[in-house]
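The values are calculated or read from the model by the stated rules, or taken from the named source; none is laboratory data. Keep in mind the model is a prediction, meaning the values are calculated, not measured. Here the Cβ positions follow ideal geometry from the backbone for every residue, glycine too, while neighbour counts run over all protein chains shown. Ligands, DNA and RNA are stripped out before the accessible areas are found, and what is left, the full protein with its side chains, is counted by its heavy atoms. Shrake-Rupley method; radii C 1.70, N 1.55, O 1.52, S 1.80 Å.
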Amino acid sequence: MTTPSEPGDGRPDPSQGAIMGERRQLINIAYRLLGSLADAEDVVQETYARWYAMSRGQREAIESPGGWLTTVASRICLNVLGSARVRRERYVGEWIPEPLPDRAGWGDGPPGGVTVDPADRVTLDESVTMAFLVLLESMTPAERVAFILHDVFRYPFAEVADILGRSPAACRQLASSARRRIGASRRPAGPAAQQARVVRAFKAAWEAKDIDALIGLLDPDATVTADGGGLASTLHRPIRGGEQVARAYIEIARAAVGLTILERTVNGRPGLVAQHGGAVVAVMAFDVAGDRITRLWSVRNPEKLRSWTDRQDASAHDRAR
């Protein structure tokens, strides 16, 4: 992003470095609030546009530029969340948060020389797992903002209140309500190595078209949800039941000739990426409890896979250099 010059003033803005240093924090907040990396980037772009639309004097009068940016970005997110509910009523099929790309497999280091993209600036922790983001979708926009800002990013309720235009006590109640929703639905995650073993076994059974092995890896109440957005063929509705999920994936394996399955980190957890003809066609995230898969999310909407395609193109370019 280029910084607009102040009219009639050729001096650099001394606050530019500190202001741009807030970008990672803003991306982290906006992605968790919206569940979309593309929307998070748009929000941050708009936030900086509003900052530089002010005169230099107005900017210098702001006591906490970082706080101002967070407030503006959060309010934009709040508006986006309100309109998103209307948009999703028209969305074709199931809506799943946009998966975060990772440049390496589960045990690999990042390839040297690959350009850092916005996804690399999202801190991977429990609050960006697919299971967590899906739970956030059950909250009202105000609950989501209060919970993310206070419980995840540790902003005091007085600051959250200023963003939401409510009292600190009301914001405390919003966060408490959101916390109860999370607590009622979350299961403790097992060690990453154990999750990786289960997902790797699922990959092997899927490639071998071994339905018995797949059934053994799936919880009897396992659910798979797929998001094609009307732009890619996929499951029209969630499938529930381990045996039913296994049969669905055996059918996919038989129909998808030439599919390559790769082990990749998806939102900080072991996941799988499907490629066809070298192009990413699906990203799969898993929720694993013990030695069984309880939830599987498959993103097929190509608009949500752009960052994965860009990452792959960057890696290929780097290898060719």
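Quick notes
- Subset of the range 289-305 that is in contact with a strand residue (DSSP E or B) (Cβ under 6 Å, 6 or more places away or on another chain) and of a type in the set (A, V, I, L, M, F, W, C) - its residue that is farthest from Val199 (Cα to Cα): Leu305
- Residue match in the range 220-238 (condition: under 22 Å from Leu100 (Cα atoms), β-branched (Val, Ile, Thr), open to solvent by less than 60 Å² (accessible area, probe 1.4 Å) and at pLDDT below 95): yes
- Condition check for Ala104: open to solvent by less than 20 Å² (accessible area, probe 1.4 Å), at pLDDT below 85 and of a type outside the set (S, T, N, Q): yes
- Output for the range 288-302, where each listed residue is surrounded by fewer than 18 Cβ atoms within 10 Å (Cβ to Cβ) and outside any loop (DSSP other than H, G, I, E, B): Ala289, Arg292, Pro302
- Close contacts from the range 293-306, counting a first residue that is on the phi < 0 side of the Ramachandran plot and a second that is in a helix (DSSP H, G or I), with Cβ to Cβ under 6 Å and a gap of 6+ residues or different chains, come to Ile293/Leu217; Trp297/Met130.
- Candidate set from the range 239-259 (those that are at pLDDT 95 or above and assigned to a strand (DSSP E or B)); member that is nearest to Met284 (Cα to Cα): Ile239
- Only one of the numbered conditions (1) within 22 Å of Val134 (Cβ to Cβ); (2) in a loop (DSSP other than H, G, I, E, B); (3) open to solvent by 90 Å² or more (accessible area, probe 1.4 Å) is violated by Arg179, and that is (2).
- Among the residues of the range 20-49, those identified as open to solvent by 10 Å² or more (accessible area, probe 1.4 Å) and among the charged types (D, E, K, R) are Glu22, Arg23, Arg24, Asp39, Glu41, Asp42, Glu46.
- First in the range 217-231 and part of a loop (DSSP other than H, G, I, E, B), second anywhere and surrounded by 22 or more Cβ atoms within 10 Å (Cβ to Cβ), Cβ under 7 Å, 6 or more apart: Gly228/Arg300; Gly228/Asn301; Gly229/Asn301; Leu231/Asn301
- Considering the range 183-196, and only residues there that are surrounded by fewer than 16 Cβ atoms within 10 Å (Cβ to Cβ), of a type outside the set (S, T, N, Q) and in a helix (DSSP H, G or I), the residue that is nearest to the chain's Cα centre (by Cα) turns out to be Ala192.
- Being open to solvent by less than 10 Å² (accessible area, probe 1.4 Å), under 23 Å from Leu135 (Cβ atoms) and assigned to a helix (DSSP H, G or I) is a description that does not apply to Val283.
- Any pair with Cβ under 7 angstrom, 6 or more apart, that starts in the range 129-142 at a residue that is of a type in the set (S, T, N, Q) and ends at one that is open to solvent by 10 Å² or more (accessible area, probe 1.4 Å) and assigned to a helix (DSSP H, G or I): Ser138/Arg181
- Each residue in the range 124-167 was checked for being of a type outside the set (Lys, Arg) and not in a helix (DSSP H, G or I), and 12 pass.
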